[in-house]
Amino acid sequence: MPVRAYVGLGSNQGNPRLQIRDALSALKQIQQTELVGHSRLYRSKPMGLVDQPDFVNAVAALDTCLDAHAMLLELQAIELVQGRIRGSLRWGPRTLDLDLLLYGDKRIDTEQLTVPHPGLSQRSFVLYPLYEIAPGLRLNNGELLADLIKSHSSTDLELLGSV
């Protein structure tokens, strides 16, 4: 039985719009997984190290028969193919960042993976694109995404349009 998973996409290096477009194409190729939708593109300011270019962000919805850890490995493989270099610098520039935001209603807390994504409820660059594709979503803590959106401003986002 497929599980609905949501993936956050972000890039601020190497033509970010193209990186996101290529990542969406790669998500379509994951075995036992179907890309069922994605948001438009949004521009956001970087977190942490602010002396870097703005990010382009989106969220994708996937129906998958892979378990969450297998999905994480697939996402990391896509990042690697698109030039992602994992270093010690947190929140630094990157060609591509793919985050498993939600995996059905599961709570996962392992050394490799935390779901829901720990920053989900604080990041407008995740909340607004997620709301765009899943406005009726109820998080596994019972909170409605629509209620969460009400407490977050979108003034730090710029809608860029279609992928």
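Of note:
- Looking only at residues in the range 27-64 that are hydrophobic (A, V, I, L, M, F, W, C) and over 14 Å from the mean Cα position of the chain (by Cα), the one that is surrounded by the fewest Cβ atoms within 10 Å (Cβ to Cβ) is VAL50.
Residue by residue, here is whether (1) outside any helix (DSSP H, G or I); (2) touching a strand residue (DSSP E or B) at 6+ places or on another chain (Cβ under 9 Å) holds:
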| residue | (1), (2) |
| --- | --- |
| VAL7 | yes, yes |
| ARG17 | no, yes |
| ILE30 | yes, yes |
| TYR42 | yes, yes |
| VAL59 | yes, yes |
| HIS69 | no, yes |
| ALA77 | no, no |
| ARG94 | yes, yes |
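- Once the range 32-72 is narrowed to residues that are modelled with pLDDT of 95 or more and basic (Lys, Arg), the residue that is nearest to ASN15 (Cα to Cα) is ARG43.
- Lone unmet requirement of (1) aliphatic (A, V, I, L, M); (2) assigned to a loop (DSSP other than H, G, I, E, B); (3) farther than 24 Å from LYS28 by Cβ for ILE149: (2)
- Yes/no for ILE85 being surrounded by fewer than 18 Cβ atoms within 10 Å (Cβ to Cβ), part of a helix (DSSP H, G or I), out of contact with any strand residue (DSSP E or B) (no Cβ under 6 Å at 6 or more places or on another chain) and of a type in the set (Val, Ile, Thr): no
- Single residue of LEU75, LEU18, LEU96 found to be modelled with pLDDT of 95 or more and within 14 Å of the chain's Cα centre (by Cα): LEU75
- The set of residues in the range 118-137 being within 18 Å of VAL3 (Cβ to Cβ) and buried (at least 19 other Cβ atoms within 10 Å of the Cβ) consists of LEU120, LEU130.
- First in the range 9-31 and over 15 Å from GLN52 (Cβ atoms), second anywhere and assigned to a helix (DSSP H, G or I) and modelled with pLDDT of 95 or more, Cβ under 8 Å, 6 or more apart: LEU9/ILE20; LEU9/ALA23; LEU9/LEU24; ALA23/ILE78; ALA26/ILE78; LEU27/ILE78; ILE30/MET71; ILE30/GLU74
- When HIS69 is tested against the conditions (1) in contact (Cβ under 8 Å) with a residue 60 or more places away in the chain; (2) more than 13 Å from the chain's Cα centre (by Cα), the lone failure is (1).
Condition check ((1) touching a residue at least 60 places away in the same chain (Cβ under 8 Å); (2) more than 26 Å from ASP22 (Cα to Cα)) across all residues:
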residue	(1), (2)
LEU96	yes, no
LEU102	yes, no
GLN112	no, no
PRO118	no, no
PRO129	yes, no
GLY136	no, yes
LEU144	no, yes
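- ASP63 being in a loop (DSSP other than H, G, I, E, B) and out of contact with any helix residue (DSSP H, G or I) (no Cβ under 6 Å at 6 or more places or on another chain): no
- Checked against the criteria, LEU113 does not count as crowded, with 17+ Cβ neighbours inside 10 Å and either at pLDDT 90 or above or out of contact with any Leu (no Cβ under 9 Å at 6 or more places or on another chain) (or both).
The values are calculated or read from the model by the stated rules, or taken from the named source; none is laboratory data. Everything quoted here is computed from the prediction, not taken from an experiment. Cβ coordinates were reconstructed from backbone atoms using ideal geometry, including for glycine residues, and neighbour counts include every protein chain displayed.
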